[in-house]
Amino acid sequence: MQVDAFYSTTCNECKRIFSTEVPARRCSGCKLVSYCSRDHQKLNWSRHKELCRRAQLVLSQTGKENVFQAVGNSKNWWDVRIKAMFLVERTGVGPLLPYHREVFIFPDACRVCYATYPILLKPCPVCHTVTYCSDEHRLSDYQSHVRVCSALKFGMEVDISIVTSSFELTSLPSNTLAIQDTRPNLPANMEEFIVAYFTKTDNRVATVLLSEILTCVTTLMHTIEKSGDYFARPKLTLHILGPKQLEYSLFETLEILFHLYNCLKHLEIVFIGPECPPYPQNISLCAECLASRTATVDVRSSMMYHDYLSCSDSSVPDLIIAFNCGLHEFEGDISDTWIDSIPSFMSFCNTLIVLTSYNKLEAAKDMKRVLSVEQPPYIPRVIIECEENPFRGLRPHREWEHNTDSVFYLNNVISVIETCPP
Ligand SMILES: [Zn+2]
Ligand SMILES: [Zn+2]
Ligand SMILES: [Zn+2]
Ligand SMILES: [Zn+2]
Ligand SMILES: [Zn+2]
């Protein structure tokens, strides 16, 4: 997990929010970060100096007041930020740390006109996550910002409490979910699931971090409950495509499936993708599960899904899942890795295809891509179409790809398709 988060409205060392009592003191070298005091600037120097020196080099080479001006004219604010980042990155050896990259991705700049230093910027008085050059610009952005202001505020609280209290929840706390005699009703959403089965905590940060560990397994259960009799099967085979670290939460959480679905005795999970991250070796199972159930996990890295299916030892899936898939993202691009894999989603009959996306717009594009496969061997029937996922992660993440401020949640929107005989 990333250990620091950059917010231009807070001290770069202690993360205290600036105010009239605690004015920002900008680093005079790079003009990119600020501090609440000279002491904190000194304290931070060993971690800041690399970025500061590289940025100073750009400023002295170009004679500009800030690194964003050094990029030259561009109407596209995203371009400006990325180019400024690369300009600074190129002055040294190796890439910038993720935290240093955030300094360019979320810089101190007016949300409306993108004015930066030496313009004096004032934050949104509610969330302190965005800044404006004038009241006029703040008011003109109000309609758009008010939709995400409180989510941004909460996201910042989470980010800062992780940084300042080195709060980290990377593994599952003990749960109260014993193996059930009959299948219990799945709670209606993530909040209720956590209250029902985990030690209730008043710590909101702990709850949102727990939700990110649970979102993959609970999204699977939500799918299974909405899609016929899958919960009654003695064996389930899951193909999980393009896994990132998030999907590996299943090593820890797949036991929940055994405890909730007492018919389920065998679970096989195959992770398939061109870039599977290194994975943990152990699946967490209790003594009772170890005695009466089997779970196997197979990771097929550096492989596309259609390549995997042509392997002689490939399995037949009950569910094919692509979490936060972005299937549409590189459509028509030469770097599109999904082009040959998507038609193979429909190689099996009575299989569920589960897609999650960060927002409805992306979900609709992802679905369109799957549904537009020509002459599939089996016919796709839509079960859930781009609905808000009640088991999404609860942590708001700052959106950085677009020029408008917004947030995204893991597994935010869900679609489910079942393949049927022609
Ligand atoms: Zn400070
Ligand atoms: Zn500096
Ligand atoms: Zn402005
Ligand atoms: Zn705000
Ligand atoms: Zn167990």
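Going by amide H atoms built from the backbone, whose H comes under 5 Å of the H on L410, apart from near neighbours?
G393, R395
For the range 249-336, build the charge dipole from Cβ charges (+1 Lys, Arg; -1 Asp, Glu) around the Cα centre, then report which of S314, I283, H328 sits farthest towards its positive end.
With unit charges placed on the Cβ atoms, the residue in question is I283.
I need the peptides 298-306, 58-66 ranked by packing, meaning the mean over residues of other C-beta atoms within 10 angstrom, with the highest value on top.
298-306, 58-66
Taking only Cα atoms and a 10 Å spring cutoff, compute GNM fluctuations for the chain and point out the largest among V130, V373, V163.
Ranking V130, V373, V163 by mean-square fluctuation puts V373 first.
Any chance you could get the radius of gyration and Dmax over the Cα atoms of the range 1-146, in Å?
Reported Rg and Dmax, both Å: 14.9, 43.
So what is the calculated 222 nm ellipticity per residue for the chain, using -39500 (n - 2.57) for each DSSP H run with n of 4 or more, over all residues, to the nearest 500 deg cm²/dmol?
-10000 deg cm²/dmol
How much FRET efficiency would the formula 1/(1 + (r/R0)^6) give for S37 and V382, where r is the Cβ-Cβ distance and R0 is 60 Å, rounded to 0.05?
0.55
Expressed as a whole number of Å, what is the distance separating the alpha-carbon centroids of the range 254-318 and the range 25-44?
Value for the Cα centre distance between the two parts: 49 Å.
Between R47, R138, R111, which gets the highest mean-square fluctuation from a Gaussian network model of the chain, Cα cutoff 10 Å?
So, out of R47, R138, R111, the one fluctuating most is R47.
Using unit Cβ charges (K, R positive; D, E negative) and no other charged atoms, how large, in debye to the nearest 20, is the dipole of the range 25-164 about its Cα centre?
Its charge dipole is roughly 360 debye.
What whole number of Å gives the distance from the Cα centroid of the range 353-399 to the Cα centroid of the range 183-230?
20 Å
Only Lys, Arg, Asp and Glu count, each charged at its Cβ (+1, +1, -1, -1), so figure out the dipole size of the chain about its Cα centre, rounded to 20 debye.
Charge dipole, the chain, about its Cα centre: 1520 debye, nearest 20.
With θ taken as phi - 60° and the coefficients 6.51, -1.76 and 1.60, list the Karplus ³J(HN,Hα) couplings across the range 331-344 in order, rounded to whole Hz; mark glycine and proline as x.
Working through the residues one at a time gives 4, x, 9, 6, 7, 5, 8, 8, 3, 8, 7, 4, x, 6 Hz.
Kindly work out what percent of the DSSP beta bridges joining two residues of the chain are antiparallel, to the nearest 5.
In the chain, approximately 50 percent of DSSP beta bridges are antiparallel ones.
Excluding L214 itself, calculate the net charge of residues whose Cβ lies under 14 Å from the Cβ of L214, where each Lys or Arg counts +1 and each Asp or Glu counts -1.
Cβ neighbours under 14 Å give a net charge of -4.
Only counting other Cβ atoms within 10 Å, I'd like W45, W400 sorted with the fewest neighbours first.
Lowest to highest Cβ neighbour count: W45, W400.
In whole angstrom, how long is each semi-axis of the equivalent ellipsoid of the chain, when you take the square root of 5 times every eigenvalue of its Cα gyration tensor and sort them from largest down?
Gyration-tensor ellipsoid for the chain: 43, 25, 20 Å.
Answer with one residue from T337, W400, L257: the one whose Cα lies farthest towards the positive end of the charge dipole of the range 190-420, charges on Cβ with Lys, Arg +1 and Asp, Glu -1.
Going by the Cα projections, it comes out as L257.
As a footprinting exposure proxy, order D336, D318, D313 by other Cβ within 10 Å, with the fewest listed first.
So the ranking, lowest neighbour count to highest, is D313, D336, D318.
Among R38, R54, R147, rank each residue by its count of other Cβ atoms within 10 Å, from fewest to most, as a rough exposure measure.
R38, R147, R54
Zone of S165 (label point 7 Å along Cα→Cβ, backbone N under 13 Å): which residues in the range 100-130?
Under 13 Å, as judged by backbone N against the label point of S165, lies no residue of the range 100-130.
Apply the Karplus parameterisation 6.51 cos²θ - 1.76 cosθ + 1.60, with θ equal to phi minus 60°, to every residue of the range 213-228 and state each ³J(HN,Hα) to the nearest whole Hz, in sequence, with x for glycine and proline.
6, 8, 4, 5, 6, 6, 5, 4, 5, 4, 4, 4, 5, 8, 10, x
At q = 0.08, 0.10, 0.18 Å⁻¹, what log₁₀ I(q)/I(0) does a Debye calculation on the Cα points of the range 190-420 give, no solvent, two decimals?
-0.28, -0.45, -1.55
Just going by the charge dipole of the range 25-164, with Lys and Arg at +1 and Asp and Glu at -1 on Cβ, which of Y114, L32, V163 is farthest out on the positive end?
L32
Anything over 31 Å Cα to Cα? Flag those among K244/K365; K153/K244; K153/K226; K83/K360; K49/K122; K83/K244, in the order listed.
Beyond 31 Å between Cα atoms: K153/K226.
Once fully extended, how much extra length lies between S335 and Q180, figured as 0.36 nm per residue of separation less the alpha-carbon to alpha-carbon distance?
51.2 nm
Just T20, T351, T164 to compare: in a GNM of the chain, with alpha carbon springs under 10 Å, which one fluctuates most?
T20
Just so you know, all these numbers are worked out from the coordinates, no wet-lab data involved. On a predicted model such as this, the values are computed, not experimentally measured, just so you know. All Cβ positions, even for glycine, are placed from backbone atoms using ideal geometry, and neighbour counts span all protein chains on display.
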